[in-house]
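Working notes, structure below.
The values are calculated or read from the model by the stated rules, or taken from the named source; none is laboratory data. Model, not experiment: these values are computed from the prediction. Positions of Cβ are backbone-derived with ideal geometry, glycine not excepted, and every protein chain shown enters the neighbour counts. Note: areas computed on protein heavy atoms with side chains; ligands, DNA, RNA excluded. Shrake-Rupley method; radii C 1.70, N 1.55, O 1.52, S 1.80 Å.
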Amino acid sequence: MSYRLICLFCLLPGLVAQPMAGQTPPETTADLLKLLRSNAAFDFEDLEYVLERGFDDPDLAPQTRAFLDSAHAIIQRSDHQLAAAYVELGESMYHNMFTMEDGGYEKSIEHTRAALAIFQQLDRPVDAALAEMEISTHLTSLDRPAEAEQYILNALPVLERQAERDNLAEVYSRIAFVYYSLLEFELARNYARRSSSLLDNGPYYTTLDNLDLITAASYGLGDHAGVLTAANQATEFRDSLRSHHDVFIYARILACRALAELALGRPDVAIARMDSVRALHLLFPEATEFIDEHSDTEARIWAGLEEWSKSLGAMERLLRFNRDFGVHSISSSAIETACMLVPVLQKGGDPERALFYSEFARKAQASHDSTEIASLRTTQRIRFETERKVKQIDLQKGQLGQQRAFLLAALGGFLAALIAGGIFYVLSRRLSRKNAENERMVAEKEVLIGEIHHRVKNNLQVISSLLQLQSRGLKEEDGGAKEALRESQSRVQAMGLIHQKLYQGAEMTSVHMPEYLRELGETLLDTYRLEDRVDLFVDVEDLSLDVDTAIPLGLIINELVTNSLKYAFPADREGTIELALHRENDGYHLRVADDGVGAGDAAIGAGGTGFGTNLVHLLTQKLRGSQQQQQQGPGYGTEIVFPA
């Protein structure tokens, strides 16, 4: 999957140096070089303007290269470090535009890292974070998403605190691109949706990129209905397509929709969708050269219909396109098609091409970190071993005559073995009965434990209902008492949900935290009737905790989320609450944060008892953990670290 390479420093001009008052933007490369020589402040947009002129007008390309060479010579003789960083970013942008066929991504990474080092030296954390996001995008384009993720983890906290809403949407879209390349489809889709939720009147192309990521991630998750929903939303931008990249992204969404239609058992609709893709390219002549990039989808559809010659033709067009344009990443559709073609080519008497597609699938699947090609190789290995053993049997038939002489001797050994086997059989029967009895006892205990959890959950539900009835009986002037009862009810529900998960789950002694925390958060949103104004973003590692840890942790999260819902979003304010739980080293890291009004502006009632705060403190001590509040920037957050 390719990505629209937009320099983040161009998208976030408010976070970089600005021209001095009265200073006009430079008109030519000579004007910009003059600014550099005078050590005057200038905006990165000035440098971007010069580079884009060279890209739009091929006659100016040599001048652009000469300008960058002169700029390097000037900054080497000056101490204008910020200008040096911008020139390095200009070099990165130049290689994105002009030298993609000659290792441009590697060169872009090299120059962006040089700019990153300068920003870190100048203590400019936002500029440094933007540089790290640029590096992560280039690394992902080089099919090195694991390295890219490290840069994201460094940059994201800074940008979430200081970036504007529309600009943060572009950052989230970049992160979704990286996680899609890591095959973390759920994370990719979540970040793409977060990006779209931040775009009120943002660039249409960022929304289109997000829909592309959502359709692809949904298909990777097997959510074909989700693919169709996102693809339908993308049709709104059909008349807004302006560049060959827009056409390419829109066509890829339609191609993914075609795969979903095939998976839903509608092959005729899938073929019609692919005809629409080709027709779309023909309507935009500048995008015609990219028409075969979607041949992987076409090949997969024809393979699903067992139209092997058409599928093979589409695969040949895809391979030719990848070779001509230097494409290294291979889609899962192409890998699936190659695996399906191998036995067809073998049966059709074309072993060379069968071997080619087998190796093609093996190498591509290795980069996907999947077991599908290993299964294919295992099947082939079993077939080979079966054929080899058949030949051995044929050979052994000729040796049977020689072996009959040893039959009498073997018979004596057989009788001895038979006696030993009889003894072993008697002992194994006794052991089997003992094991069966143990398994029966274990099953009975599991049923009993499940029944206990069920009854505890029901008793807690009765208590919750009593608290609700008691609350209804209070008068309007008893607002403090009503709020206290409602908070007590939510605490009871948090504990009851744990016991519900215990008796419903496969494990009776541990709670699956992602599912539990997601339901707990939704229950609290419903309790305070804020689901229309407040979004809950749950980022929880796939882990399970024992009951003694899950109950205090659930109560802590209940208190922190309740606190955000009560105080962070007054007067119809909208926002997001983030709930994250991850394992780090030998312990766990919990973070609950909101982007509300913050602790300083929160209208906390005078009747507050501080019970919730004390409860969080006591439960943190019970978990042998430490607690820290975060109040920088908008919003308020709490982090708790406790040992495993």
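What to note about this one:
Here is a yes/no grid of residues against (1) open to solvent by less than 70 Å² (accessible area, probe 1.4 Å); (2) in a loop (DSSP other than H, G, I, E, B); (3) at pLDDT 70 or above:
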{"site": "PRO26", "(1), (2), (3)": "yes, yes, no"}
{"site": "LYS34", "(1), (2), (3)": "no, no, no"}
{"site": "PHE67", "(1), (2), (3)": "yes, no, yes"}
{"site": "ALA73", "(1), (2), (3)": "yes, no, yes"}
{"site": "ALA83", "(1), (2), (3)": "yes, no, yes"}
{"site": "TYR86", "(1), (2), (3)": "yes, no, yes"}
{"site": "SER92", "(1), (2), (3)": "yes, no, yes"}
{"site": "LYS107", "(1), (2), (3)": "no, no, yes"}
{"site": "GLN120", "(1), (2), (3)": "no, no, yes"}
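- Of all residues in region 332-341 being without any contact (Cβ under 8 Å) to a residue 40 or more places away in the chain and within 24 Å of LEU221 (Cβ to Cβ), the one that is surrounded by the most Cβ atoms within 10 Å (Cβ to Cβ): ALA338
- Answer from ALA234, ALA255, ALA270, ALA263 - the residue that is in contact with a Leu (Cβ under 7 Å, 6 or more places away or on another chain) and within 24 Å of SER181 (Cβ to Cβ): ALA234
- Residues in region 510-525 that are hydrophobic (A, V, I, L, M, F, W, C) and closer than 19 Å to GLN489 by Cβ were compared, and the one that is surrounded by the most Cβ atoms within 10 Å (Cβ to Cβ) is LEU517.
- Matching helices (runs of 4 or more DSSP H) fully within region 205-311 where at least 3 residues are among the hydrophobic types (A, V, I, L, M, F, W, C) and modelled with pLDDT under 90: 244-263, 267-283, 295-304
- Scope region 585-644; condition under 23 Å from SER488 (Cα atoms), assigned to a loop (DSSP other than H, G, I, E, B) and at pLDDT 90 or above; matching residues: LEU623
- So GLU170, is it modelled with pLDDT under 85, of a type outside the set (A, V, I, L, M, F, W, C) and open to solvent by 20 Å² or more (accessible area, probe 1.4 Å): no
- Scanning region 548-558 for residues that are in contact with a Phe, Trp or Tyr (Cβ under 9 Å, 6 or more places away or on another chain) and either without any contact (Cβ under 8 Å) to a residue 24 or more places away in the chain or open to solvent by 10 Å² or more (accessible area, probe 1.4 Å) (or both) turns up just one, THR549.
- Residue in region 526-535 that is touching a residue at least 60 places away in the same chain (Cβ under 8 Å), assigned to a strand (DSSP E or B) and open to solvent by 20 Å² or more (accessible area, probe 1.4 Å) present: yes
- Top-ranked residue in region 207-231 [being crowded, with 22+ Cβ neighbours inside 10 Å and of a type in the set (Gly, Ala, Ser); ranked as nearest to TYR180 (Cα to Cα)]: ALA217
- Subset of region 232-252 [surrounded by 21 or more Cβ atoms within 10 Å (Cβ to Cβ) and more than 23 Å from the chain's Cα centre (by Cα)]: LEU241, VAL247
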